[in-house]
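The next block holds one structure in the form of structure tokens; read it before the comments.
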Amino acid sequence: MSLKNLILNPKRASLFVGFLILVSCAHRPEPSFPIPTAQQLEWQQLETYAFIHFGLNTFNDMEWGYGNSHSYTFNPTSIDCEQWVLTLKAAGMKGVIFTAKHHDGFCLWPTETTDYSIKNTYYKDGQGDLVRELSEACKKHDLKFGIYVSPWDRHQAEYGYQGYVDIYHKQIEELTSNYGELFEFWFDGANGGTGWYGGADEMRSIVAEKYYDYEKAREIVWSHSPNAAIFGGTVPTLRWVGNEKGFAEATQWCMYKTDFQSLNDEKCLVRGFKDGDAWLPAEVDVSIRPGWFYHESEDSKVKTVDQLMDLYYNSVGHNANLLLNFPVNKEGRIPSIDSANAVNWYQKLQMDFSNNLLKGSKVTASNTRSRRFGPKYVTDEDYTTYWATEDGVTRAELIFDFPEKTSLNRLLLQEYIPLGQNVESFCLDYYANGKWLPIEVDEPTTTIGYKRLLRFQTVRADKLRIRFKVFKGTLCINQIGAFFVEDE
Ligand code: FUL
């Protein structure tokens, strides 16, 4: 069939294009469900972003305000949202989630729903709006913006009754319709208990999964920001990792069960389910200081570069996103020690992963689906290409042959998750002095998912071998990197 023939005959041409699509699709591996939505994939690719906890608690040296601290105690002396944003960007954060209202009920924007807000403070004589200031600084410096608005409200007299649910939904409406596109929305899980509640000063219990009407709340969020990731509630797009210490387990599935009981099971949250029915990847939330809010007494307890590095390997390196909290101080700034440690950590991270030693090696695979899915794609840094095996293959390996003896002590692996998460077990070996030896890793080499990072004692290798021992579906590996970090 000549080109001229095709141009002159549109019917033939469309048949030919159809045939080409069929041939190329026939070679594409079948997805292994569940798989991420486009929004979830985009969210996973963010990897690290920040929390900012700031509010009345900052000025009253509290973590969970009771709901009765006077609004005029909120009195920052030199707030600078651009300083926050520039610090977070220099620390590699891709976005920031702001506590517009914490459990104490104090609102950092001039809401119509309550007087317990920034309107009744000395800040800008009651004309300030911190949600506006931060969202604009984010726009100016190209940082994604997200909102945390606590469902639990220890100030509101109506808390526990329908009146408060209406207030809460109205607050969500104000926050989602006035400040531009949001990348993530947080429904905190801490709910009900003692509080001021308009002076009632008592204990109030609610059944969270029924009380807040989270389905409606999500509808409000998505009517303004259809791509916002949702944390918490009954209809999330991601899951809490079950602790606030900063780690996801090494065995880490993106799949999960979405019944409310599982969503609150700390033991399961930390690792997910191999046979989960929904794609619900983990988010690791942790503070750079012991507390979420600023306390002077914690100035000497800011996490060091080494501690931040451990957090990174235990979150992003375990197939989870890292949500790192920065408490803003009474002046209205991220303290210099926090910012210095975070920026130094990020610079080290960039340096450590700057030179993929596999790029100069020759790679061979025990099995390859077709040329379009060859092993050379695992080092091309392109998330749309990957190495895949033929259907029915149950074990496979890659060997990287270095041009000369090479020192390595870090490994990065990524599955092509748009087609699902499949790998259950793999192992690493290196070839030196004429024989294969195992690379000892002090955590289980089980799952990979979106990203897996491994640290091990330096080996001097002629070759590196990765054996994929157990996987479901078809093996699809997107990226592999080996690195040498001079710190041991
Ligand atoms: C928790 C809250 O109770 C903490 O104060 C903090 O906001 C943390 C991120 O979530 O559930």
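The values are calculated or read from the model by the stated rules, or taken from the named source; none is laboratory data. Values in this document were obtained by computation on a predicted structure and should not be read as measured data. Every residue, glycine as well, gets a Cβ built from its backbone with ideal geometry; the counts of neighbours run over all protein chains shown. Note: areas computed on protein heavy atoms with side chains; ligands, DNA, RNA excluded. Shrake-Rupley method; radii C 1.70, N 1.55, O 1.52, S 1.80 Å.
L46 is checked against (1) away from the ligand (no atom under 16 Å from the Cβ); (2) buried (at least 23 other Cβ atoms within 10 Å of the Cβ); (3) more than 30 Å from G198 (Cα to Cα) and fails just one. What number does that condition carry?
So the condition that L46 fails would be (2).
Looking at K94, is it under 22 Å from I230 (Cβ atoms), away from the ligand (no atom under 16 Å from the Cβ) and touching a strand residue (DSSP E or B) at 6+ places or on another chain (Cβ under 8 Å)? Let's see the steps before the verdict.
Numbers: under 22 Å from I230 (Cβ atoms): yes; away from the ligand (no atom under 16 Å from the Cβ): yes; touching a strand residue (DSSP E or B) at 6+ places or on another chain (Cβ under 8 Å): yes.
Against the criterion (under 22 Å from I230 (Cβ atoms), away from the ligand (no atom under 16 Å from the Cβ) and touching a strand residue (DSSP E or B) at 6+ places or on another chain (Cβ under 8 Å)), K94 qualifies.
Go over the candidates R218, R204 one by one and state the one that is under 21 Å from the mean Cα position of the chain (by Cα) and either open to solvent by 20 Å² or more (accessible area, probe 1.4 Å) or within 16 Å of the ligand (Cβ to nearest atom) (or both). Can you show your working first?
Working: R204 fails: under 21 Å from the mean Cα position of the chain (by Cα).
Being under 21 Å from the mean Cα position of the chain (by Cα) and either open to solvent by 20 Å² or more (accessible area, probe 1.4 Å) or within 16 Å of the ligand (Cβ to nearest atom) (or both) holds for just one of R218, R204, which is R218.
Which condition from (1) modelled with pLDDT of 95 or more; (2) over 21 Å from the mean Cα position of the chain (by Cα); (3) under 20 Å from H53 (Cβ atoms) is the one that L182 breaks?
For L182, the exception is condition (2).
Test F145 against the criterion of being among the aromatic types (F, W, Y), in contact (Cβ under 8 Å) with a residue 40 or more places away in the chain and part of a helix (DSSP H, G or I), and give yes or no.
Working: among the aromatic types (F, W, Y): yes; in contact (Cβ under 8 Å) with a residue 40 or more places away in the chain: yes; part of a helix (DSSP H, G or I): no.
The answer is no for F145.
Can you give me the number of residues within segment 172-201 that are among the acidic types (D, E) and open to solvent by less than 70 Å² (accessible area, probe 1.4 Å)?
From segment 172-201, those among the acidic types (D, E) are 173-174, 181, 184, 188, 201; that's our starting set.
The next check asks that each one be open to solvent by less than 70 Å² (accessible area, probe 1.4 Å); those that pass are 174, 184, 188.
Total satisfying the criteria: 3.
To keep it simple, each residue is scored yes or no on (1) without any contact (Cβ under 8 Å) to a residue 12 or more places away in the chain; (2) surrounded by fewer than 22 Cβ atoms within 10 Å (Cβ to Cβ); (3) within 16 Å of the ligand (Cβ to nearest atom).
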{"position": "T99", "(1), (2), (3)": "no, no, yes"}
{"position": "H102", "(1), (2), (3)": "no, no, yes"}
{"position": "C107", "(1), (2), (3)": "no, no, yes"}
{"position": "S117", "(1), (2), (3)": "no, no, no"}
{"position": "Y122", "(1), (2), (3)": "no, yes, no"}
{"position": "D125", "(1), (2), (3)": "yes, yes, no"}
{"position": "R132", "(1), (2), (3)": "no, yes, no"}
{"position": "S135", "(1), (2), (3)": "no, no, no"}
{"position": "C138", "(1), (2), (3)": "no, no, no"}
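With respect to E112, determine if the residue is under 26 Å from A190 (Cα atoms), part of a loop (DSSP other than H, G, I, E, B), within 16 Å of the ligand (Cβ to nearest atom) and among the charged types (D, E, K, R). Even if it seems obvious, please write down each step before you answer.
Numbers: under 26 Å from A190 (Cα atoms): yes; part of a loop (DSSP other than H, G, I, E, B): yes; within 16 Å of the ligand (Cβ to nearest atom): no; among the charged types (D, E, K, R): yes.
Judged against the criteria, E112 is not a match.
Every residue in segment 296-316 that is open to solvent by less than 20 Å² (accessible area, probe 1.4 Å) and closer than 22 Å to L56 by Cα, please.
Within segment 296-316, V302 is the sole residue that qualifies.
Table: residues versus (1) over 15 Å from the mean Cα position of the chain (by Cα); (2) part of a loop (DSSP other than H, G, I, E, B).
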site: W222; (1), (2): yes, no
site: A248; (1), (2): no, yes
site: W253; (1), (2): no, yes
site: F260; (1), (2): yes, yes
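Could you tell me how many of the residues in segment 82-97 are open to solvent by 10 Å² or more (accessible area, probe 1.4 Å) and under 19 Å from K330 (Cβ atoms)?
Counting residues in segment 82-97 that are open to solvent by 10 Å² or more (accessible area, probe 1.4 Å) and under 19 Å from K330 (Cβ atoms) gives 3.
Name every residue in segment 328-371 that is over 25 Å from G146 (Cβ atoms) and open to solvent by less than 10 Å² (accessible area, probe 1.4 Å), in order of residue number.
Correct list: L358 only.
Do you know which residues across segment 168-201 are among the small types (G, A, S), more than 16 Å from the ligand (Cβ to nearest atom) and over 18 Å from P110 (Cβ atoms)?
Here is the first cut: in segment 168-201, the ones among the small types (G, A, S) are 177, 180, 189-190, 192-193, 195, 198-200.
Remaining after also requiring more than 16 Å from the ligand (Cβ to nearest atom): 177, 180, 198-200.
Answer for segment 168-201, where residues must be among the small types (G, A, S), more than 16 Å from the ligand (Cβ to nearest atom) and over 18 Å from P110 (Cβ atoms): G198, G199, A200.
Would you mind stating whether T176 is touching a residue at least 40 places away in the same chain (Cβ under 8 Å), more than 18 Å from the chain's Cα centre (by Cα) and assigned to a strand (DSSP E or B)?
Details: touching a residue at least 40 places away in the same chain (Cβ under 8 Å): yes; more than 18 Å from the chain's Cα centre (by Cα): yes; assigned to a strand (DSSP E or B): no.
So T176 does not fit the description; no.
Quick grid of which residues meet (1) under 23 Å from T251 (Cα atoms); (2) open to solvent by 30 Å² or more (accessible area, probe 1.4 Å); (3) not basic (K, R):
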residue: N422; (1), (2), (3): yes, no, yes
residue: L454; (1), (2), (3): yes, no, yes
residue: D462; (1), (2), (3): no, yes, yes
residue: G473; (1), (2), (3): yes, yes, yes
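Determine which member of the set N325, N319 is open to solvent by less than 10 Å² (accessible area, probe 1.4 Å), within 14 Å of the ligand (Cβ to nearest atom) and modelled with pLDDT of 95 or more. Working first, answer last.
On the way: N319 fails: within 14 Å of the ligand (Cβ to nearest atom).
None of the other options fit; the residue is N325.
Does at least one position in segment 155-167 carry a residue that is within 16 Å of the ligand (Cβ to nearest atom), open to solvent by 50 Å² or more (accessible area, probe 1.4 Å) and in contact with a strand residue (DSSP E or B) (Cβ under 8 Å, 6 or more places away or on another chain)? Steps first, answer last, please.
Restricting attention to segment 155-167, the residues satisfying the condition of being within 16 Å of the ligand (Cβ to nearest atom) are 155, 159.
Remaining after also requiring open to solvent by 50 Å² or more (accessible area, probe 1.4 Å): none.
The answer is no, given that none of the residues of segment 155-167 is within 16 Å of the ligand (Cβ to nearest atom), open to solvent by 50 Å² or more (accessible area, probe 1.4 Å) and in contact with a strand residue (DSSP E or B) (Cβ under 8 Å, 6 or more places away or on another chain).
Considering only segment 251-295, state which residues are without any contact (Cβ under 8 Å) to a residue 12 or more places away in the chain, more than 16 Å from the ligand (Cβ to nearest atom) and open to solvent by 40 Å² or more (accessible area, probe 1.4 Å). Please lay out each step first, then the result.
Applying the first criterion (without any contact (Cβ under 8 Å) to a residue 12 or more places away in the chain) to segment 251-295 yields 259, 261-262, 290.
Now narrow it down to the ones that are more than 16 Å from the ligand (Cβ to nearest atom): 259, 261-262.
D259, Q261 - these are the residues of segment 251-295 that are without any contact (Cβ under 8 Å) to a residue 12 or more places away in the chain, more than 16 Å from the ligand (Cβ to nearest atom) and open to solvent by 40 Å² or more (accessible area, probe 1.4 Å).
Need the failing condition index for V241 against (1) within 30 Å of G317 (Cβ to Cβ); (2) in contact with a Pro (Cβ under 9 Å, 6 or more places away or on another chain), just the number.
Here V241 clears every test but (2).
Out of the residues in segment 51-66 that are more than 10 Å from the ligand (Cβ to nearest atom) and not in a loop (DSSP other than H, G, I, E, B), which is most open to solvent (accessible area, probe 1.4 Å)?
It comes out as N60.
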